[in-house]
Every structure is written in structure tokens, then in C-alpha cells.
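Structure record follows, encoded as C-alpha cells.
The values are calculated or read from the model by the stated rules, or taken from the named source; none is laboratory data. In this text, all values refer to a predicted model and were calculated from it rather than measured experimentally. Neighbour counts are summed over all protein chains in view; Cβ atoms, including those assigned to glycine, are modelled from backbone coordinates with ideal geometry. All accessible areas refer to the heavy atoms of the entire protein, side chains included, with ligands and DNA or RNA removed. Shrake-Rupley method; radii C 1.70, N 1.55, O 1.52, S 1.80 Å.
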Amino acid sequence: MREMKRLILALTFLTLAQAQEVPGQSPTAGGSARVRERYTKYEYRVPMRDGVRLFTAIYVPKERTRQYPFLLTRTPYSIAPYGVENYPESVGPAPVFETEGFIFVYQDARGRNMSEGEFSQVRPHLPVKSGPRDIDESTDTWDTIDWLLKNIPNHNGKAGMVGISQPGFHVAAGMIDAHPALKAVSPQAPTADYYLGDDVYHNGAFMIGANFWFYGLFQPRQGPPAPPAPRPAGGLDMSDAYNFFLNLGPLIESNQKYFGGKAAYWQEIIEHPNYDEFWQKRSLWKHMQNIRPAVLNVGGWFDAEDPIGPFHIYRAVEKNNPQTTNMIVMGPWCHGCWARGDGDRLGNLNFGVKTAAFYREQILYPFFMKYLKDGREEMPEAWMYLTGINEWRKFTAWPPLNTQTVDLYLGPEGTITRTLPAQTGPAVYDQYISDPNRPVPYVGYTAEGMTRDYMTEDQRFAAQRPDVLVYQTEPLESDLTIAGPIKVTLNVSTSGTDSDFVVKLIDVYPANYPDQLAASRPAPGQPVPANAVRMGGYQQLVRGEPFRAKFRRSFEKPEAMVPGQPTRIEYEMPDIYHTFRPGHRIMIQIQSSWFPLTDRNPQKFIEIPRARAEDYQKATQRIYRSKDLPTFLTVSVEGGAAGIR
């Protein structure tokens, strides 16, 4: 059962990027007879306002009795296969698009692969431009669309954009001050803020497992424009990422040690552990002004890479552009998993619904048809998949308007209560010893890098550790549905001068939950492996986030913790939409490491990328739960919380 999980290697991140983030593209040459039969491929070097030319592949329908809109994807990964005689296996974000007919446009981003110019990682947006040399992704998008309108015949004067992850960033950046012909855009899992909750940093903690090998491969181009070079064979043995990263050495030296100094983008992100100017000017969601196209934001509840990007963009557009059509879709998906497959399962979870197929045919396709081909489909503002119950729900706003706020307090003897604790004073706490040389793993088995489905994983392995605190309710008497972000309020202390505090919200299944509902169960008649996951008592991670304590007052200016002094930490975890069913329990786990999902905290106030082996020290962590020093989660509940005893 575990072998399928172990296929998701850190070494495959670039391959996944090419397969996921450029919908329909395949890196293999030779082409598809079906695409070749319906479309003619052209390749152009499209000039930008500063003279730089961007390599662009265009697939034009052979049937010319009607006009077609453009559907544009811009990517830093690859628009392979290259060459006008080489066709991909499919075009468009879903088969129904290819059948319907669009002019599909794929473009290498500035400075990547076959495009000229210099690439900048999530290039900062320039709100004020004084001349043709002031370029960003919005100007490159404008210039591309303008060129298409003037040079590609048989179009209907309308353009759309779609992209996932970094291509999703290009969509979100390209819709600012957009060309008038750009009518509909779908930024999907966009990297809206690398530091504040997307790929790189979560509340100051570095997401090392997801970024190390990806950025080792994702390097600046050497030499003139050219197709991407084949990835080198062999490389580092990361079959056991836990031990690999435990022995990595100082992060600041890793580029030279492991990548020969060539991983410039990796070096950038580890040299900026604070929310400094480097990150601030890349916070794209802060520039969501003058958005004219209709927007369909898309994300996955279990997206391990860009969980907050869709909400950043959706809320910023909603706030700053009240007249703009602005929608959001969230399904039970891992990163980009809505773009392929049925979406009926993830990890050990079996949803019983083909969520991805439904999204592509009943949400994404009608959206682009409505705004690019004058379709008449009525669409809600929010399509949200309710996990736990496993069904789609429609809303006129997100979060829903009919919720009530509920506080879930940590109580004595590992309990969770809705009432503020009665005991007072700093002597009411639970504690544990955190050892950064024996960090808490993020999954209960040996894995390579970051698995794509860890956000659904069973947490029973963690609950058994002495350095993880566990609190839970009694079995619920009725459904309890949480909708929206989760506010965390901690009152903590440490014997060190810095620490991480990881908070996890967990759905504990009843002991009699049927094993046959597990996604990983073998086919009927086949033997069940001894190590198969038992779903009875399963502790499903619903949401979890770390917080690096030195950033409790500011992500820009870290401050040391005072040893032994109770300190309040407040932060927000990304939205969920989940129902805890009758007989299930709500569980909260608290720990001080989550490795190697996040890097280790030495538990002393230091610039962590420069920390050496001798800097890592044990610390005593206290979690307070008194009337004057409470620790609790604040959630928004549909229909009340009467089910909690």
C-alpha cells in the first residue's frame, strides 16, 4: 500500500511541473494523431515592447467556418514538444476544450527555455511604468495578446488565460491592467505569496522538503535560448528524506555542496529567511487592482504546495474590484490534481465522487464558454467541495454568511471544551521536550521529500510520541461543519530563545469505520497486506500549519523568545470546508517539529540557514491552558456546535 505513496519523489518535481502546470502538454516528441488531425501548429517569437522575443507555440483549429477565442498559458517550465511537426498528446485544460475548439497558445516565460530575456522568479509587479523598459508579467501578457489579435487570423477578438502553480502566477499577474480582449482568466493554485503561506515559507518556517530538489533542478538557463536540457541521471539518494535532511549541513552551504553553486533560485530563497524587500515586492496579491476579466480561482483543499494562493487572489480581487466577476472553486485535491484523473480519491481517502472530472466539465468548461463564446451558464460565486460528507455545495459568498464563531479550548487531561477554562495562573500547562536532533516526522513511514498527499495522512504515529501533545473531544453527537479559515491562539513558553509550534486539526474516525472505504484497499478477492491502513480510528489531518515563534510580532523583524516567559502567538491557518460526522472526534495535536516538511529550528535565536550541528539544542515547551493564558482554535461553524459534549 505504501509503495504508491513512495512514487512521489522529490526528484520528480520538475517533471510534475511540466505535466501539471502546462495543461495538455507532453514533453515527448512525435505528437498525437488526434491533435494533428484537428489543429495546425505554428511557432513564433513574439516581440515585447522592450524588443525581447518570447517563444510561443500556437495550435489553430483546421475547421475555419467559425471564429475562435485564444486560450493562453504562459509558463517558466516548458511548452514541449518543440518543433512545428511535433504535437502534444492533447491541447487545452481538458479534452472537452480540444473538442470544442479554441486557438490554444503556449508561451515560454521571459528568460526560460526558448524565450529571450532574463527570467525573474515570480517577477515583481511594477505598479508604475515610465517607459518600454519597465516590464513585468502584465506587460508581457498585454503585448502577447495584442500581437495575437493582429497576427493570427480567424479569431473572435476574445482571449482567456489558464495556468496552475507558477503558470497560475502568470495568470494572476497577467490579469492586472489587462488588455481589453482578455475576458476570462483562471489562476489555479497561483503562487500568490511565496513567503506568506505558499511554496517556500509558512509563518516563517522553511518548507525544505518541497523545495530542495525542485530548486536544485530549476536553475537559470546557461547560454542562449534553447529547449530544456535533459535532466541528469543519478544524483542524490533521497530515498529516506528524513535522514538525508537530518545530515544536510548548514542550508547556506547547500547550493555549493550539492548543486555546484548553480542553483541560484535556491540560493535566493535561503538567503531571505525574513519577510524582507525581496519577498514583499513579490507578494502579488497586494497588487490586485484594476481587474477587468472574469476570474475563476481554483485550488485544492489538500494542495501541499500552494494552499493559500487561491484565497489570497480571491479575497484581494473581491476587496479591490467589487464590480468584477470573481469566483472560487475548491475541491479535495492535491497540487494540480484537478487537471487530470477522476479525483475520486487521495492518499487513503476515498471520496466516492469523481470530483476532478465534474470540475473540468461542469465548472471550468462552462466558465470559459460563458465569457469567450457567449455561453449562458449561470454560475455561483463559490463552488466548494465539502469533505467528510463528500459533496459539492454552491455559495453566493465565501466564507458562507450563515456561520457562527466557536472557540475550541484545550482542557485538562487532553480534552477539548467550548468553555474558557476555570483555572487561572501560569501553573496550568502541559509540556514536552523538543529535540531537533530527533524531530517529529511529518508522515509515519519512510518517504522521499514531500509526498503530495500528506495533508490527508493518518496522524496516529504522531499521537504516540512523547513530544506531541494530543487533545480531543468526546465522540460527536451530530454533524459539525467548519467553513473558512482557522484562527490559532497559543500561549506558550520555551526554555530556548526560539521554537516552532505546529498545530494540527484532525478528524478521528470511529473504531468501526469500514476498511473497504479506504482508497488503498486491494481489489475484491485479493489478499490484504499486513501493513494496510485500518480506517477504524484513522486520524485524518484536516489542516496543519507551523509557526516560527521569533516572528510572533513581525515577519520582517524577528525577536528572541525570553526563556520560560509565557508568550501569546496568534496566526491563521488556511480555509477548510469539512464536516466531522457523528461518532467522530475532533483532535488537536501540538508539536515543535514537522520534519522534513519544514526545516529544523535549533531552538535558539539564530539565522537558521547558517545554523551548524552544535547550534541545535533540546528545549522544554509549555502549552498553557488557563483562564488568563488560554490556548484555543477559533472556527466558523455551519448550523452550530451542539454536537460537542
Exercise. What strands (runs of 3 or more DSSP E) lie completely within segment 536-629 and have 2 or more residues being open to solvent by less than 10 Å² (accessible area, probe 1.4 Å) and more than 25 Å from residue 641 (Cβ to Cβ)?
Worked result: 539-548, 619-624
Exercise. Which of (1) buried (at least 22 other Cβ atoms within 10 Å of the Cβ); (2) out of contact with any helix residue (DSSP H, G or I) (no Cβ under 8 Å at 6 or more places or on another chain); (3) more than 30 Å from residue 607 (Cβ to Cβ) does residue 308 not meet, given it meets every other one?
Worked result: (3)
Exercise. Limited to segment 152-209, what total is found for residues that are over 16 Å from residue 279 (Cα atoms), part of a loop (DSSP other than H, G, I, E, B) and in contact with a helix residue (DSSP H, G or I) (Cβ under 6 Å, 6 or more places away or on another chain)?
Worked result: 5
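Residue-by-condition table, conditions (1) outside any strand (DSSP E or B); (2) at pLDDT 95 or above; (3) open to solvent by less than 10 Å² (accessible area, probe 1.4 Å):
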residue	(1), (2), (3)
439	yes, yes, yes
465	yes, yes, no
471	no, yes, yes
487	no, yes, no
491	no, yes, yes
497	yes, yes, no
502	no, yes, yes
506	no, yes, yes
Exercise. Residue 449 passes all but one of (1) at pLDDT below 95; (2) assigned to a loop (DSSP other than H, G, I, E, B); (3) over 24 Å from the mean Cα position of the chain (by Cα); which number fails?
Worked result: (3)
Seminar exercise, completed: Contact list, first residue from segment 308-333 and more than 21 Å from residue 577 (Cα to Cα), second anywhere and modelled with pLDDT of 95 or more and charged (D, E, K, R), beta-carbon distance below 9 Å, six or more apart or interchain, is 321/292; 324/292; 324/318; 325/381
For this session: Could you check, for segment 472-479, whether at least one of its residues is closer than 14 Å to residue 603 by Cβ and of a type in the set (S, T, N, Q)?
Result: no
For this session: Run down 178, 173 and say which single residue is under 21 Å from the mean Cα position of the chain (by Cα) and at negative phi.
Result: 173
Exercise. Of the residues that make up segment 404-413, is at least one outside any strand (DSSP E or B), among the small types (Gly, Ala, Ser) and within 30 Å of residue 517 (Cα to Cα)?
Worked result: no
Problem set entry | Every pair of residues 6+ apart whose Cβ atoms lie under 6 Å, when the first sits in segment 610-633 and is closer than 18 Å to residue 426 by Cα while the second is of a type in the set (D, E, K, R) | 623/430; 631/625; 632/407
For this session: Would you mind telling me which numbered condition in (1) closer than 23 Å to residue 301 by Cα; (2) more than 28 Å from the chain's Cα centre (by Cα) residue 473 fails?
Result: (1)
